[in-house]
Structures are given as C-alpha cells and as structure tokens.
Amino acid sequence: MKLYKLSGIFIVLGFLAATTACEDETTTIGSAIASGEVDINVDTFYFNLEGKAKAISNFDSKTGNLMLGSINTPDYGSLNCSFVTRLMCVPKLDVADSLLKTNLVDRVDSCKLILGANRNDIIGDSLAPQKLSVYTLTQQLPSNINNLFNPEGYYNAGSPLASKSYTLSEISGTDSAFYNNSFVDLSVDLPVSFGKEIFEKYLNEPEIFQWPQTMAEKFLPGFYVKSTFGKGCVANIKSAYVAVFYYNLDTKTVVEDSDTIVTQVHVRNVTFPFTVSPEVLSSNNITYEPSQQVKDKNSIEDGQVVITTPGGYIATYEFPAAPLIERYKEKNVHLSTVNDLILYIPAEAFDSESGISVAENLLMIKSSEYENFFKNNKTPDNLTSFTGVYDPANKRYYFTTLRSYFLELLNKDDLTPEDLEFTLVPVEIETETQNNYYYTTSTTYVTKCVPYTSKPTMTLLKTDEAIVTFSFSTQVID
C-alpha cells in the first residue's frame, strides 16, 4: 500500500486549570483537571487503496423501485428489466352504499392498470417505441426472491391479461401541465370482465380483502409486468394501481318555460381497489451484462474501478489503518483523544454517451458483513457500515463517521484482514430527522438502505487518489 503524507498541522493551545473560592471555603470543582500543553493534530494523507472490482450476479431486488424496459449500449451494456408484485387491497370499496344494491357489477364500464414512471429516472430514448404485457400470477411468490427470479411457472405465458404499446414521452401532450408533472403515467386497459370480477368478489366475499395475504391466496396472487418489445429505454415505476370505472344514474331536473323536465344522466365514477405498496412483496427481475468497455477497465489493476447499477460491479479495498494508528501512537503523551476521521474517495461518471450518471450514495461495509446486511434489512451502524454521499462540486464521496471504527481498531492487539476489508456498493437511502425538545439541535438517522435500483449508473472510483483527514488531541501532563 502506498502512503503519501500531504501535510501536518499542529496547533498548540495553553490549558489552564483554575479553582474558585467563596469566602473561607475552597471548591474542589475542576481540581482534578491536570495542567499541561495540549496539541491538536490535524493530518491529511493521500492513500492508494488499491481498489478492485467485484462482479455480482444476484442481489436483493426488493427495494420498492420497479424497473421496466430494456437498453443495450456499447458503453454501458445490455439491461433487461421486468417485475413481479403482490397487491395491497383496500378493505372496502369507495362506493356509495346505495349503489351496492343496484346492479353495481353491471355498471362497470372499464378497468385499468396505471403505472407512474418517474420522469427523472428514465434512461435512454423516451421516444423509443416499446410494448409491455401484464400477466396475472397463478401461484404465490417465493419469500427468498431476488433479481434472478425466473417467473416461468408462476404465470400463463400464452394468456396475457393486457398489452400496451407506448413511449415514455408525453411530448405530444398539448397541456403544459404535462411538462411540469414529475411522473409519466402509462394507462394499460384491462378487460372489463376483470373489473366486474373484482366487484363481484368485494360484494360477495368481502372478508377476502381484509388482509393482502388472504386476497393473494384466495383471489389474485399478483401481477407480472414485462417488456415484450423495444430496447431503447428503462424507467423506474414508482407507483402502480388498479382503477375500476363504473357509472350510476343521477336525476337531473330542469325547468324550461314553466315545464319541469326530469331526466336521468350517467355519472362516471372510479375506485381503486388495488395498489402496489411497500407493505407487500415486490421484486425486480433484472439481468445486466456489462459492456466490454466496462469489463476492460475493471481488468486493469490501476486502482481505478467502475461500479454499476443495477448490479454488475461493486468494489473492494483494504482500509489503511496501520499508518494512521502509527501516527496516533508516535507521540509519548499521557492523554490522547481522537477527534475525527474522514475518508474521501474521488469519483466521476464513466465515459458514457448514454448520459448515465454516478450513484448518489455508497455503502461502505465490512466485506464480512456484506451478505447479511441487505438480507436482514439493516441500516448503517457507523461501526461496521457507513454511508458516503457524492459531492458533485468536488467530484468525490465522503465518509465522515469513521471515528468509532478507528477507536475499535485501537483496542485490538492484532488486526486481521476481516477488520480492514471493505466493500463499496451503490445504495438508495431514506433518512429521518429528529429534533430535540427545544428544536435547537437535530439528529438524522438512516431508516432505509437498499441496493440502488432507481436507474442505471456507472461510477469511476479513483481509489488510488483517496484522502484521509485525521485529527486528534494529545496532552502532556505537567
């Protein structure tokens, strides 16, 4: 491992212990604080972390994001995305009680599956023609599902519930509101008979819909949505719900020339019996074959690696603990305290004509903990796992909470490879901020940390140019 010490700054502060007297009594408050010279040491190091790319074929794809579509580009590679999902049911239809007794099933005139694609998470040509097919699942999804799940046998490939040709652009929309909407809605027409079947079940067997698992077992295990044509665009489906449209008769009274005319008009209504929700099982079926350009870069051992999403490559490296510990212990002092330890890893977008950007967040986790982290839905503990945020202005990730990890290393007699080997993987995180009672301070917690599946990313990590800033205080007691 190469180590280059960039700079060392030593700030010497005078430390004075004082006592306070009141009349004839002398307080002992503070008398135990020893006087002496305090050094606050701030060092900056350059390290070659000698990062290495690691190919991954399977990963946890139950992230809440549903990817749909296909792309194939020389710089990124070939990506194919479909998804399977159970459905969250509402316990009671939003229908007036008076309508329940008036042939409501016969009043259903249409049924739709509406997919909302996040406009900011579309990669490729949004004008590219594509086609999707929707299938009803015929059996329950397995609980150990991942991105390599093969839905064959879980649906009838010869009987799609619906199909739709589409593009992910609303450029033909005449209303300017289309351009300000953060979502592109794909409305897929389902059979009217499917909508009527939903109503019949709700009217005759309402207990089925009191719990999603019961509904999945006794009525509808879920949907399989796949791209059946086109290789130009991939979208992140952030919402999906079923809408059933029906009409009722409303009485309208009009007075014309002193004559009262009473007519009945059709009033169209809609209810939403099912939706995709974080509370039910959803998973992406993703196959990704990196391009030869990415493979060639990762075959060169030059300390720079390309990590990709969804899946493809992650990175590993060894944390440079030894020189930092040596620096900390080199002074013959009585007291010493670690103030802060920050790791910076420079990164930038890998050369891409497809406009594929870098990952926004990285998880840095001990390699020995990596496999179980996502399986057990863990969040970073700032001891064995940390999150790094990308700083686009300075083109680097920064990990700012390594102090506790370093203190644990100081307490060990011998360091093992397990203590030092880390994995870097792109993740999506959600946070929650809690204020104290007086709202003068706040603490932010990571509440969700899952593999990044919002869109394709390619990140060139320059682990050969890593920077560590290390600050600690020392005191020689008089």
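Rule-based calculations on the coordinates, nothing more; no lab input. These numbers come from a predicted model, not from an experiment. Neighbour counts run over all protein chains shown; Cβ positions are idealised from the backbone, glycine included.
Remarks
- For the stretch 319-349, GluC sites (Glu not before Pro) are listed when DSSP marks them as loop and at most 15 other Cβ atoms sit within 10 Å of their Cβ; the list is Glu330.
- Potential lengthening between Phe229 and Ser78 on full extension [0.36 nm per residue; Cα-Cα distance subtracted]: 52.9 nm
- If the convex hull is drawn through the Cα atoms of the stretch 41-140, its volume per residue in Å³: 314 Å³
- Treating each Cα of the stretch 288-386 as an identical point scatterer and summing with the Debye formula, the log10 of I(q)/I(0) at q = 0.12, 0.16, 0.19, 0.24 Å⁻¹ comes to -0.59, -0.92, -1.14, -1.43.
- Scattering curve values for the stretch 304-444, log₁₀ I(q)/I(0), Debye with Cα scatterers, q = 0.22 Å⁻¹: -1.45
- Around Glu217: net Lys/Arg minus Asp/Glu count, Cβ-Cβ under 15 Å: +1
- Sparse-neighbourhood loop sites, chymotrypsin sites (Phe, Trp or Tyr not before Pro) in the stretch 412-478 - DSSP loop, at most 12 other Cβ within 10 angstrom: Tyr437, Tyr438, Tyr439
- Loop-located chymotrypsin sites (Phe, Trp or Tyr not before Pro) in the stretch 340-416 (DSSP state other than H, G, I, E, B) with a sparse environment of at most 14 neighbouring Cβ atoms within 10 Å are absent.
- For the stretch 372-466, the fraction of alpha-carbon pairs in successive 5 Å shells from zero, as %: 2, 9, 16, 20, 20, 16, 9, 5, 2, 0
- Efficiency of FRET between Asp94 and Ile40 - r from beta-carbon atoms, R0 60 angstrom, step 0.05: 0.40
- Rg and Dmax of the stretch 414-478, based on Cα coordinates, read 19.2, 60 Å.
- On the principal axes of its alpha carbon atoms, the stretch 85-132 extends 50, 22, 18 Å, with the longest extent given first.
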